[in-house]
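> Quick one: structure below, then a few questions.
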Amino acid sequence: KQWYQRRVAITAGGIKQCRKRAYEHVPVLENHLKSNKYNTPDEKTMQSLSSEAGMTLRQVQVWVRRRQQAVLSTRHTKFVASFWRFVFYGCTFTYGLSSLWNENYLWDTKYCWIGYPDKIWAMKDNIYWYYMIEMGYYTACLVIQFTEVKRKDFNQMFLHHIATVLLISLSYVTGRTRIGALTMLIHDFSDISLEACKMAKYTKRIEAANVLFATFGISFFVSRIIYYPYSILNSVVFETPSALDPTLTILIIFLHVLYVSYICKLYVCMYIDGSWLVRLPCAPTKLL
């Protein structure tokens, strides 16, 4: 993990990791830095802030530097996490797509149920490992959520991870691995551009972030609002020869609609403000 953070993620992002140092909470200085996106004030502004805060010029300079380092450390931590998720989603989507490319049920979901439930298909090795990797990842996400900084969408993501783990587990033990593999594949698709967008934002590549966010919105809507109900839910409800409870599948769709509302709200806010990327979905605080 340490090698990954120091050699891979940081080299790719170019964000220098700074050691956090303690600093006192000074409302006057804090408000000024936040309003100026944590940019370093000029000397005249520094002198004005020192008189307002009742501090010497040297104390203000030290405080500003330490506060900027704390914010930079936050960006560093977020970039490392996003880089890891970007690599994971990219690798799993590529592996899943290559494993399913020659399967007829990728192109026609009715083949997911031929012979079911009388015949339970033996899983191919590549599909088995696809399942194990996805199960391990989302199970880890359930635990890691409680050790990381609590995000704005903590409850929604916790519910999403629980539903995902249950769907993967139930589809595995009941032999419905074909429809399960398709579900995992389309969920990894849009997450790649989201994490790339976050990384661009953390490294202050705003133009790239704008393009990637637009790409994410389109891919999310197409894969989870159009394809998922039309193909996956339709197959579970109407194409299966035996009765299946679609509750978890419908729950996933509800969460998809909820996230689309967040994305649309962000688009509207950016249009009204006359600026593009101000705040990313799943990012509770305003970034540099």
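> Where nothing but the Cβ of Lys and Arg (+1) and of Asp and Glu (-1) is charged, how large is the charge dipole of the stretch 126-207 around its Cα centre, in debye to the nearest 20?
200
> So what is the relative contact order of the stretch 176-271, in percent, for Cα pairs below 8 Å that sit 6 or more residues apart?
25
> Take the Cβ-Cβ distance between V257 and L142 as r, set R0 to 22 Å, and report the resulting FRET efficiency rounded to the nearest 0.05.
It comes to 0.45.
> Also: Structure shown: which of K110/K198; K198/K265; K204/K265; K110/K265; K34/K201; K44/K201 lie over 26 Å apart, alpha-carbon to alpha-carbon?
K110/K198; K110/K265; K44/K201
> Could you grab the relative contact order for the stretch 115-235? Cα pairs under 8 Å, six or more apart, rounded to a whole percent.
For the stretch 115-235, the relative contact order is 21 percent.
> Show me the GluC sites (Glu not before Pro) within the stretch 124-199 that DSSP assigns to loop and that have at most 15 other Cβ atoms within 10 Å of their Cβ.
In loop regions of the stretch 124-199 (DSSP not H, G, I, E or B), the sparsely surrounded GluC sites (Glu not before Pro) are E148.
> Using the Cα centre of the stretch 33-83 as origin and beta-carbon charges of +1 (Lys, Arg) and -1 (Asp, Glu), tell me which of L57, F83, T40 is placed farthest towards the positive end of the dipole.
F83
> With charges only on Cβ, +1 for K and R and -1 for D and E, what is the dipole size of the stretch 171-266 about its Cα centre, in debye, rounded to 20?
300
Any read-out appearing in this document is the output of simple, stated calculations on the displayed coordinates, not a laboratory observation. Fair warning: this is a prediction, and the values are worked out from it, not measured in the lab. Backbone-built Cβ (ideal geometry, glycine too); neighbour counts: all protein chains shown.
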